[in-house]
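Have a look at the structure below before the remarks.
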Amino acid sequence: MKSTLAGIRPAVPVAPGALPVLGHALSMVRDPLDFLTGVGSTADLVEIRLGTQPVMLVCDPELTRQVLVNARTFDKGGRFFEKIRQTVGDGLVSSAWPVHRRHRPLLQPAFHPGRLPRYAAVMRAEAATCAGAWRSGDRVDVSATMQRYAGRVLFKTLFAASSATPFLDDVQRCVPILLRGGYQRTVNPVDLWERVPTPGHRRFAAAVARTRHIADTLITEYRRSGVDHDDLLSMMLAARDENTGSAMTDLEINNHVFTLLIAGTETTASLLSWICH
């Protein structure tokens with residue numbers, strides 16, 4: 001967290017259980033929900049440590065609102081967002097205020113109420129397909145099922161063109177790897193560990209490369225055809241800055257596509273899983 005009041009830091013209690021060198025990183029990897037739930041009830045602000053790096057956990061609803069709503073109270077920086085940015089670039093989740101301020105209006109039309117009926121139609125169709133495969137007495141892995149469902153919905157609202165369909169299974173395989181590997185990188189206090197060519201690191205690198213390639217392929221195809229498919233990618237390609245008239249570059253669009261595929265899948269799937277719980 002970067003405060004705009006540079007040099008002013010309130011007295012914040014440190015969460016118990018920090019290990020030498022690792023801090024709370026091991027707890028964050030092993031069972032983040034249990035750890036954060038436990039420390040989140042102790043104070044409005046709690047400091048946890050990823051290695052020697054202090055991280056502020058905001059627990060109070062009003063403070064949380066200030067962080068999320070007031071762009072000049074909090075800007076996205078520090079190790080956590082630097083790690084995210086290494087993978088997703090300057091998407092809306094990871095970009096600092098100057099970039100976010102310019103790109104948010106360009107993406108806002110994607111969330112206009114007029115577009116929601118089309119998204120809802122995709123959601124209904126995918127929900128019917130998902131639930132239609134269940135039989136009485138079946139045991140269902142809710143988390144994995146909701147990940148697949150959310151991923152399919154997001155993919156089909158991003159890419160409505162029929163030419164995108166062959167890439168769906170690839171993206172569905174990549175997203176869980178990206179989520180797991182991305183989280184491990186944000187909480188891992190030892191940077192050098194990421195350079196060790198473990199099987200997990202190789203899978204993560206391959207998933208990043210494959211997802212980026214798919215996004216590039218579809219961006220190029222959409223630009224070449226000039227067809228508006230009434231989907232998120234078409235909207236991003238058509239968006240223009242109201243002040244300069246400039247469009248987003250292919251890399252900027254790729255960053256946003258990559259971010260939406262990861263963040264949009266995880267948040268929706270988690271919400272649906274908790275609803276089922």
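The values are calculated or read from the model by the stated rules, or taken from the named source; none is laboratory data. Keep in mind the model is a prediction, meaning the values are calculated, not measured. Don't worry about glycine lacking a Cβ; one is built from the backbone with ideal geometry, like all the others, and counts go over all protein chains shown. Ligands, DNA and RNA are excluded from the accessible area calculation, which covers all protein heavy atoms including side chains. Shrake-Rupley method; radii C 1.70, N 1.55, O 1.52, S 1.80 Å.
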Given the Cα-Cα distance of R65 and W274 and 0.36 nm per residue of separation, how much length would full extension add, in nm? 73.0 nm
Please identify every one of the GluC sites (Glu not before Pro) in segment 182-277 that sits in a loop by DSSP and has no more than 14 other beta carbons within 10 Å of its own beta carbon. E242
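State the antiparallel share, in %, of DSSP beta bridges confined to the chain, rounding to the nearest 5.
On the way: 10 of 11 bridges.
So the antiparallel bridges in the chain amount to around 90 percent.
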How high is the FRET efficiency between D230 and L251 when r is their beta carbon distance and R₀ equals 22 Å, given to the nearest 0.05? 0.35
Normalised by the number of residues in the chain, what is the relative contact order in percent for Cα pairs under 8 Å and 6+ residues apart? 22 percent
Residue span E82 to T244: 0.36 nm per residue of separation minus Cα-Cα distance leaves a gain in nm of 55.4 nm
Descending accessible area (1.4 Å probe), largest on the left, turns M56, M235, M123 into M123, M56, M235
Would you mind calculating the gained length between L45 and R202 on full extension (0.36 nm times residue separation, minus the Cα-Cα distance), in nm to one decimal? 52.8 nm
With +1 on the Cβ of every Lys and Arg and -1 on the Cβ of every Asp and Glu, the dipole magnitude of the chain about its Cα centre, in debye rounded to the nearest 20, is 280 debye
On a 0 to 90° scale, report how tilted helix 265-276 is relative to the longest principal axis of the chain, with both axes built from alpha carbons and the result rounded to the nearest 10. 80 degrees
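Is it possible to state the helix-based mean residue ellipticity at 222 nm for the chain, with each DSSP H run of 4+ residues giving -39500 (n - 2.57), the sum divided by total residues, to the nearest 500 deg cm²/dmol? What is it?
Calculated at 222 nm, the ellipticity per residue is -17500 deg cm²/dmol.
Report the equivalent ellipsoid semi-axes for segment 8-88 in whole Å, largest first, defined as the square roots of five times the eigenvalues of the gyration tensor built from alpha carbon atoms. Can you show the working numbers first?
Values: eigenvalues 84, 61, 31 Å².
Computed over segment 8-88, the values are 20, 17, 12 Å.
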Between segment 151-171 and segment 217-277, the Cα center-to-center distance that results, in Å: 12 Å
Are there any trypsin sites (Lys or Arg not before Pro) in segment 11-90 that are in a DSSP loop and have at most 12 other Cβ atoms within 10 Å? List them by number. R72
For helix 97-107, report the angle its Cα long axis makes with the longest principal axis of the Cα atoms of the chain; keep it between 0 and 90° and round to the nearest 10°. 30 degrees
Kirkwood Rh and Cα-based Rg: tell me the resulting Rg over Rh for the chain, rounded to two decimals. 0.98
Heavy-atom accessible area per residue - the chain, 1.4 Å, Å²: 57 Å²
